[in-house]
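Report on the structure given below.
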Amino acid sequence: MNEIDKRIIEFINKHHVLTLATSRNNIPYSANCFYVYFEDENMLVFTTDHKTKHAQDAIIQTNVAGSIVLETNLVGKIQGVQFQGKMYEPKEDLLKRVKARYLKRFPVAMLMKTNLWVVDLSFLKFTDNRLGFGKKLIWGKEASENIS
């Protein structure tokens with residue numbers, strides 16, 4: 001597997017809200033979630049209730065997509081990541097590890113029922129206009145996933 005460009009990792013680690021896109025029966029849906037990025041496993045971890053539409057969608061169709069963006073009016077500073085991956089609920093040891101780290105980053109989550117989910121990333125496209133207008137850095141687990 002090829003390495004992820006450090007600029008992509010730095011961008012993902014700087015932010016904390018993702019937009020998640022799911023689909024069921026050809027009907028798309030999106031939701032915003034606070035996340036923590038696990039660099040070694042290349043996964044995003046977030047919490048959502050089982051009753052939410054995006055969780056129900058992902059139970060049936062695990063392929064998801066999403067984005068993480070820097071909000072700016074300055075075209076030369078536009079940055080954002082688009083991603084694809086598989087969404088699932090972590091179990092056992094993985095659940096313990098992601099829960100500890102998620103609660104460390106977002107301690108307020110201790111006050112509520114926390115249902116953690118993971119997006120195992122398979123594709124990342126980082127647009128960074130600071131590197132040149134429309135400059136994209138692309139990573140994928142497989143070459144066929146490297147789309148523009």
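Does Lys14 count as among the basic types (Lys, Arg) and in contact with a strand residue (DSSP E or B) (Cβ under 6 Å, 6 or more places away or on another chain)?
No, not satisfied.
Against the definition (at pLDDT 95 or above and either among the charged types (D, E, K, R) or closer than 22 Å to His16 by Cβ (or both)), how does Gln56 come out, yes or no?
no
Give me the residue from the range 82-111 that is modelled with pLDDT of 95 or more and in contact with a helix residue (DSSP H, G or I) (Cβ under 6 Å, 6 or more places away or on another chain) and, out of that set, nearest to Gln61 (Cα to Cα).
Among them, the one singled out is Met87.
For the range 66-75, indicate whether the set of residues that are part of a strand (DSSP E or B) and of a type in the set (Ser, Thr, Tyr) is non-empty.
Within the range 66-75, one or more residues are part of a strand (DSSP E or B) and of a type in the set (Ser, Thr, Tyr).
Filter the strands (runs of 3 or more DSSP E) completely within the range 1-57 down to those with at least 3 residues that are crowded, with 17+ Cβ neighbours inside 10 Å and aliphatic (A, V, I, L, M).
17-24, 43-47
With (1) over 29 Å from Glu3 (Cα atoms); (2) in contact with a Cys (Cβ under 8 Å, 6 or more places away or on another chain); (3) not acidic (Asp, Glu) as the list, and Ile60 as the residue in question, which single condition is left unmet?
That leaves (2) as the condition not met.
Name the pairs whose Cβ atoms lie under 7 Å apart, with the first residue in the range 11-24 and without any contact (Cβ under 8 Å) to a residue 40 or more places away in the chain, the second hydrophobic (A, V, I, L, M, F, W, C), and 6 or more positions between them or separate chains?
From the range 11-24, the pairs are Arg24/Ile60.
Please pick out the residue among Lys104, Lys86 that is outside any helix (DSSP H, G or I), among the basic types (Lys, Arg) and over 30 Å from Phe133 (Cα atoms).
Lys86
The values are calculated or read from the model by the stated rules, or taken from the named source; none is laboratory data. Computed from a prediction, not measured in an experiment: that's the story for all the values here. Quick reminder, even Gly has a Cβ in these numbers, built from the backbone with ideal geometry, and neighbours come from all protein chains shown.
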